[in-house]
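The values are calculated or read from the model by the stated rules, or taken from the named source; none is laboratory data. None of these values were measured; they are calculated from a predicted model. Positions of Cβ are generated from backbone atoms using ideal geometry, with glycine treated the same way; all protein chains shown enter the neighbour counts. These accessible areas exclude ligands, DNA and RNA; they are computed on the full protein's heavy atoms, side chains included. Shrake-Rupley method; radii C 1.70, N 1.55, O 1.52, S 1.80 Å.
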Amino acid sequence: MCGIIGYSGSGDAVPVLVNGLKRMEYRGYDSAGIALLGKLPKSGLDFWVRRAEGRVTNLESKLKDHLLAHQGIAHTRWATHGAPTEINAHPHCAGSVSLVHNGIIENHAEIKDRLIAEGISFQSQTDTEVFAQLLNYEFSRLLKSNKGESPRQLVLKALQVSGAQALGHYSVLFMVKECPGSLFALHMGAPVVACKAEGVFVASDLQALLEYGRDLFFLKPGQILVAHPDSLEFFKASDLSLEDVSSERIEWAAEKVEKDGYEHFMLKEMFEQPLTVAETLSGRLPQDEDSPFLWDNPIAHQEIWSKSKRVTLVACGTAYHAAMIGKYYFEKMARVPVDVELASEFRYRDPVIDQGHLIGVISQSGETADTLAALRMARELGLDTFSICNVPGSTIARESQLSYPTKAGPEIGVASTKAFTNQLTILCALAADIGRLKGVDSARRKGVAQALARLPQDLERVLSFSDEFMEMGAGLSPLKTILFIGRGMMYPIALEGALKLKEITYRHAEGYAAGELKHGPIAMVDEKLAAVVFGPDDDVLAKTLSNLEEVRARNGKIIGIGSDDNSAFKKISDEYIGLKSLHWSVAPMAYVIPAQFISYGLAKHLGCDIDKPRNLAKSVTVE
Ligand code: M6R
């Protein structure tokens, strides 16, 4: 969840590191820090460290008279071990070592006790300092008994031993005083990516590197990187043998990581939905309704799906809501039974596995710890797997057999928006294609490809109501509870609406299937509650309208989002916005947009920090 960056070259390290931190601040933003290795006026070659609580701008104000150094590491933190204080902020220094870290070292307490018994004292409550101290301890021991090996070789050995002792999913990036110019990184389950340009750059996120290079080197778990200003070397941590790692070209534009004049990334990303959906579909749509969709790996796609009899979709948060809608798509269009699982639950269960059971994981970042663990568990059970990920080169995309990338581009706002519409687009296309592959003669499937082809224009039309949606959202401020309601595919949209609203406004919201109201939540309804209702013209709308009568009878406020010619729905609503009638298959992509803007409108009205909501981080790489 933390962001790490390192640089070694001929330029001033500070602007590069601060810039990288700003690009990754969405990963965690409760404290930040920087360490440089350079010549200090009094002590000669040494670490120059500054750390600050809160945002990167707080750190920046401590860097005005920074040391001119050509090498450094930096970190933006989402606290796991120890409060978000300056003392717990990274980098942590221990003797020869200055280190930043991402992820969790599970047995830190045990290692710490051992080191304390050896007379080592600690400043912070972090697991990071434990690794820094352990590494320094091992390095010092090797240095004392050294028989002519280079300091670099000793660092590698110390890292090998430390990495084997420290359990968990994490990565570390560090500098060693005895090896000026070099940066060392170890991938133990949390991403590390590097590039070489005018110097070398190492980070946890590709977004931090795009302006320096597009040919990126992604480390694999169990690999060590040694970066010098003009070279990158990779080693296997288990035996320190040299490894060949080839670069991958990433086509994301660096400008996409800018706000482009929008007040928030979230706002920009909501408006990017039509274009990105077009990008995701580009080159994939079939010639006619009986032809296949075009996937990157058609032979494996055909082989794996032909033998699949049952699918389990696994994800977290917003991606889980996409999976719920995926179930409707697959059942309707492919007649394939689908289970939908929260990754954090699935991984600890003992699922019943049948022949032909296919596991699909959905993740914007491709790094979510629980989703990744579920994928690995599926692979260990010998199951076929596929993924729908947005970040190229991400661990989940790499480790799944089939990969169906969404092309939403970088999503920086912590609240996921465009990734969701793109996940739905892939799920819809995939289900339609599998229906064709399995010979399901379903009239329902017909027209889906045309509906997808029209989707970007349909989404543009929905976006033309953005001001009205935001106004609706601001109008919710006096209310104590917001219910989001829908049936069928609108039920996951209701859940997603409630999640968006909670995340960025901190207000109480719940998503409910309309038919469930009278089984409990109706008890909450009074004049201080509003129900935001998603009701496209489908075969369950009449039922939803009956449920709304019950809300109205108890003085709840009704905010309706339906089709523009539905007078009954309009009549029962206190406020109503009508959207053009849409093909059933693309209604979820369209109806989530009002939910996003309503939440955004309320958050803006309340003055919330929309792109960086409290307590959250974009990529949840810890359990
Ligand atoms: O990167 P992922 O899609 O795997 O992330 C899953 C969730 O953490 C994510 O969707 C989270 O719920 C978002 N903040 C929702 O807006």
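Quick notes
- Helix axis angle, 317-334 relative to the chain longest principal axis, alpha carbon, degrees: 50 degrees
- Distance between the modelled labels on GLU549 and ALA83, one decimal in nanometres: 5.6 nm (7 Å Cα→Cβ projection).
- Between LYS144 and ASP526, the contour length at 0.36 nm per residue exceeds the alpha carbon distance by 130.1 nm.
- Order by protection proxy (mean Cβ within 10 Å, highest first), peptides 484-491, 382-389, 49-56: 484-491, 382-389, 49-56
- The range 3-257: C-alpha gyration tensor shape, a/c 1.5 cut-off, then a/b vs b/c: rounded
- Surface composition of the range 328-372: carbon plus sulfur atoms hold 45% of the accessible area, using a 1.4 angstrom probe and ignoring ligands, DNA and RNA.
- Heavy-atom accessible surface of the range 243-314: percent carbon and sulfur, 1.4 Å: 47 percent
- Principal-axis tilt of helix 541-552 within the chain, Cα atoms, nearest 10 degrees: 80 degrees
- Of all accessible heavy-atom area on the range 521-567, the percent that carbon and sulfur account for (1.4 Å): 46 percent
- Inter-label distance for GLU248 and LEU167, nm, one decimal - labels placed 7 Å from Cα along Cα-to-Cβ: 3.0 nm
- Scalar couplings 3J(HN,Hα) for the range 123-129, obtained by applying the Karplus form with A = 6.51, B = -1.76, C = 1.60 to θ = phi - 60°, are 9, 10, 9, 8, 6, 4, 5 Hz; x denotes Gly and Pro.
- Prolate/oblate/rounded label for the range 464-613 (Cα gyration tensor, a/c 1.5): oblate
- Of LYS571, LYS42, the order by accessible heavy-atom surface (1.4 Å probe, DNA, RNA and ligands excluded), from most exposed downward, is LYS42, LYS571.
- Extension gain (nm, one decimal) between ASP65 and ARG379, 0.36 nm per residue minus Cα-Cα: 107.9 nm
- For the range 520-559 and the range 183-228, distance of Cα centres in Å: 51 Å
- Local electrostatic count, MET324, Cβ distance below 12 Å [Lys/Arg +1, Asp/Glu -1]: -3
- Seen against the Cα atoms of the chain and their longest principal axis, helix 13-24 is set at about 30 degrees.
- The residues of the chain expose, per residue, 38 Å² of accessible area to a 1.4 Å probe.
- For MET490, net neighbour charge (Lys/Arg +1, Asp/Glu -1) across residues whose Cβ lies under 11 Å away: -1
- Heavy-atom accessible area with a 1.4 Å probe sorts GLU198, GLU263, largest first, into GLU198, GLU263.
- Between ASP538 and ASN58, the distance separating the two model label sites (each 7 Å from Cα on the Cα→Cβ line) works out to 4.5 nm.
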